[in-house]
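Participant: Sharing a structure with you now.
The values are calculated or read from the model by the stated rules, or taken from the named source; none is laboratory data. Predicted, not measured: the structure shown is a model, and the values here were computed from it. Using ideal geometry, Cβ is built from the backbone for each residue, glycine included, and neighbour counts are taken over all protein chains shown.
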Amino acid sequence: MLLIYCHKITNRVRYSFRLIFIDVLGIEIQFIDNSKEFNNHTGPKISYTNLKISDEIFFLAKPLLFETGIKEQNINVFEWLNGKVFFATSKSSAFPFDPFACAFYLASRYEEYLPTIRDDHNRFEAHESIAYLNNFLCKPVINEWALKIKEMLLLQYPTLVFPDKKYNYVSTIDIDNAYAYKQKGVMRTLGAYIRSLLYLDYKEIIERTRVLLGTKKDIYDTYDFQLEIQNIYNLKPIYFFLFAEYGLNDKNLPVQNKKFRALIKSTSDNADVGIHPSYGSNKNIHKLATEIKRLSTVLNREVTKSRQHFLKLTFPETYRNLIELGITDDYTMGFASEIGFRASICNSFYFYDLDLEIETKLRIHPFMVMDASLKYYMKVEPQDAIKKIKPLIDEVKAVNGTFMSLWHNESLSNVKQWEGWRDVYSETVKLASEK
């Protein structure tokens, strides 16, 4: 166990140290605010305060973890050990920066509470983040800082035991549109035919007709391929189904459709299944509650996992709604427009509600790569995609974190705009599955 002295043990202090030592490094910690008792302690210890007490490892504390509320922070990023850090301290401190304040700022998504430019879907832009602006979006810096702290502790306290943390890969797949042509209902199918006629798209008319007549497989029906990959690499994937009423940005199959429900049930036989809350439910908790309840009824079990459709994440409202409705694990933490580490970490961690100043029970699982980010936002060609993905996998492996990918069933179709992307997924899984 590691003893930690702090002159004022706030909720932010507790959260930051738990993030580093429990979530990332996996060791037990105990807090103390009595300097005399701390000085008499002969075991491993750290002080986080203004002045060093005795022979412990000392970190000079910056103000952030002793504040309440949200305000613009004075952040000057500088180089340290070939990386980027901020919240500079002094020579008396173990590090020339405050890793606990930095980790809190990044993991709590402090910057996303501040006024900033939003995209067309009212999402915080990756290009506005401190990580992107300072070229460390593709580095899990919190994990790296934690390992540096571990090294320092072991030098001074060689008897301190850390668990053997191992690299892990998790494949996640979002089902926004289960089929391209099948099971859409009479009105949607008729509308699609009319649209194809208006654009003189006879090829699609023929293809849709063949699928509806059962003479050709639906192009988005890639589920056999997914299962094959899962069996080859012994994956334990997580699926997120959009299970909502039809809307402008919510266009999956009708929730009453028996074939759609059967697909969800059969998928749950080989994978975990969570809710993909609709675009329309992001600011409507009643709609969200209905979607979760419907999926729970289909699965005949409680739904506890989620990922927001369009990655619509608004702090703290989105997470508060999920908590209120019994969601315990969310997988939305990643940017739409860029790949990398949105929270600068590749371990799961708990959501800290900055408005309420409390650590919640909602566990956040960050992903690093999404197919749509590469194709639509970054304009990467499939033959160049692995050059972008592999470095991220290597970064996660280097710190024994969890690499998570986000793919869609339609991007595995290998046709039309997604030609070549099935191979990208296969190669990603292969590289990510290698220990």
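Participant: From the list Phe136, Phe162, which residue is at pLDDT 95 or above and in contact with a Leu (Cβ under 9 Å, 6 or more places away or on another chain)?
Facilitator: One residue alone meets the criteria, Phe162.
Participant: Here's a check for you: in the range 82-91, which residue that is part of a strand (DSSP E or B) and touching a strand residue (DSSP E or B) at 6+ places or on another chain (Cβ under 9 Å) is farthest from Phe59 (Cα to Cα)?
Facilitator: So, considering only residues that are part of a strand (DSSP E or B) and touching a strand residue (DSSP E or B) at 6+ places or on another chain (Cβ under 9 Å), the one farthest from Phe59 (Cα to Cα) is Lys84.
Participant: I would also like to ask the following. I need the full set of residues from the range 252-276 which are within 19 Å of Lys293 (Cα to Cα), under 25 Å from the mean Cα position of the chain (by Cα) and at pLDDT below 95, in order please.
Facilitator: The one that is within 19 Å of Lys293 (Cα to Cα), under 25 Å from the mean Cα position of the chain (by Cα) and at pLDDT below 95: Asn252.
Participant: Turning to a different aspect of this structure: Conditions first: (1) surrounded by fewer than 23 Cβ atoms within 10 Å (Cβ to Cβ); (2) in contact with a Cys (Cβ under 7 Å, 6 or more places away or on another chain). Gly340 passes all but one, so which condition is the exception?
Facilitator: All conditions pass for Gly340, except number (1).
Participant: I need the full set of residues from the range 291-339 which are touching a helix residue (DSSP H, G or I) at 6+ places or on another chain (Cβ under 8 Å), of a type in the set (Ser, Thr, Tyr) and not in a loop (DSSP other than H, G, I, E, B), in order please.
Facilitator: Hit for the range 291-339 is Ser306, nothing else.
Participant: Given the conditions (1) farther than 19 Å from His121 by Cβ; (2) modelled with pLDDT of 95 or more; (3) touching a helix residue (DSSP H, G or I) at 6+ places or on another chain (Cβ under 8 Å), and given that Tyr279 satisfies all but one, which numbered condition is not satisfied?
Facilitator: Single failed check for Tyr279: (1).
Participant: For the list (1) surrounded by fewer than 17 Cβ atoms within 10 Å (Cβ to Cβ); (2) of a type in the set (Lys, Arg); (3) over 18 Å from His276 (Cα atoms), I need the number of the one condition that Lys251 fails.
Facilitator: Of the numbered conditions (1) surrounded by fewer than 17 Cβ atoms within 10 Å (Cβ to Cβ); (2) of a type in the set (Lys, Arg); (3) over 18 Å from His276 (Cα atoms), the odd one out for Lys251 is (3).
Participant: Suppose we keep only residues that are within 21 Å of Tyr352 (Cα to Cα) and among the basic types (Lys, Arg) within the range 44-88. Which one would you say is surrounded by the fewest Cβ atoms within 10 Å (Cβ to Cβ)?
Facilitator: Looking at residues that are within 21 Å of Tyr352 (Cα to Cα) and among the basic types (Lys, Arg), I get Lys71.
Participant: Anything in the range 274-294 that is more than 26 Å from Ser373 (Cα to Cα) and surrounded by fewer than 22 Cβ atoms within 10 Å (Cβ to Cβ)? List them, or say none.
Facilitator: Selection gives Asn284, Ile285, His286, Lys287, Ala289, Thr290, Lys293, Arg294.
Participant: Only residues that are within 15 Å of Glu112 (Cβ to Cβ) and not small (Gly, Ala, Ser): list them for the range 317-344, please.
Facilitator: Glu317, Thr318, Tyr319, Arg320, Asp330, Thr332, Met333, Phe335, Glu338, Phe341, Arg342
Participant: Now a separate question. Give the number of residues within the range 89-115 that are free of Cβ contacts under 8 Å to residues at least 24 places away in the same chain and either farther than 25 Å from Glu357 by Cβ or over 24 Å from the mean Cα position of the chain (by Cα) (or both). Don't jump to the end; show me each part of the working.
Facilitator: Going residue by residue through the range 89-115, those that are free of Cβ contacts under 8 Å to residues at least 24 places away in the same chain are 91, 96-97, 111, 115.
Those still in the list that are either farther than 25 Å from Glu357 by Cβ or over 24 Å from the mean Cα position of the chain (by Cα) (or both) too: 91, 96-97.
Number satisfying all stated conditions: 3.
Participant: Within the range 113-130, track down each residue that is assigned to a helix (DSSP H, G or I) and either modelled with pLDDT under 95 or crowded, with 19+ Cβ neighbours inside 10 Å (or both). Working first, answer last.
Facilitator: Initial filter on the range 113-130 (assigned to a helix (DSSP H, G or I)): 113, 126-128, 130.
Across the range 113-130, the qualifying residues are Ala126, Ile130.
Participant: Any residue that is part of a helix (DSSP H, G or I) and within 26 Å of Arg342 (Cα to Cα) - is there at least one of those in the range 51-64?
Facilitator: We begin by selecting, within the range 51-64, every residue part of a helix (DSSP H, G or I); these are 63-64.
Remaining after also requiring within 26 Å of Arg342 (Cα to Cα): 63-64.
Looking for residues that are part of a helix (DSSP H, G or I) and within 26 Å of Arg342 (Cα to Cα), one finds at least one in the range 51-64, hence yes.
Participant: Looking only at the range 350-391, count how many residues are touching a helix residue (DSSP H, G or I) at 6+ places or on another chain (Cβ under 8 Å), surrounded by 17 or more Cβ atoms within 10 Å (Cβ to Cβ) and in a helix (DSSP H, G or I).
Facilitator: 9
Participant: Moving to a separate point now. Kindly provide the set of residues from the range 224-244 that are out of contact with any Phe, Trp or Tyr (no Cβ under 9 Å at 6 or more places or on another chain), hydroxyl-bearing (Ser, Thr, Tyr) and surrounded by fewer than 19 Cβ atoms within 10 Å (Cβ to Cβ), ordered by number.
Facilitator: none
Participant: Also, quick follow-up: Give the number of residues within the range 174-230 that are assigned to a helix (DSSP H, G or I), under 26 Å from Leu311 (Cα atoms) and among the hydrophobic types (A, V, I, L, M, F, W, C).
Facilitator: 3
Participant: What tally of residues in the range 131-140 results from selecting those that are surrounded by 19 or more Cβ atoms within 10 Å (Cβ to Cβ) and in contact with a strand residue (DSSP E or B) (Cβ under 9 Å, 6 or more places away or on another chain)?
Facilitator: 3
Participant: Yes or no: the range 92-100 includes at least one residue that is in a loop (DSSP other than H, G, I, E, B), among the hydroxyl-bearing types (Ser, Thr, Tyr) and either under 24 Å from Met333 (Cβ atoms) or in contact with an Asp or Glu (Cβ under 6 Å, 6 or more places away or on another chain) (or both).
Facilitator: Checking the range 92-100: not a single residue is in a loop (DSSP other than H, G, I, E, B), among the hydroxyl-bearing types (Ser, Thr, Tyr) and either under 24 Å from Met333 (Cβ atoms) or in contact with an Asp or Glu (Cβ under 6 Å, 6 or more places away or on another chain) (or both).
Participant: Could I ask something else about it? I want to confirm something. Restricting to the range 209-235 and keeping residues that are at pLDDT below 95 and of a type in the set (D, E, K, R), which single residue is farthest from the chain's Cα centre (by Cα)?
Facilitator: Here the residue is Arg210.
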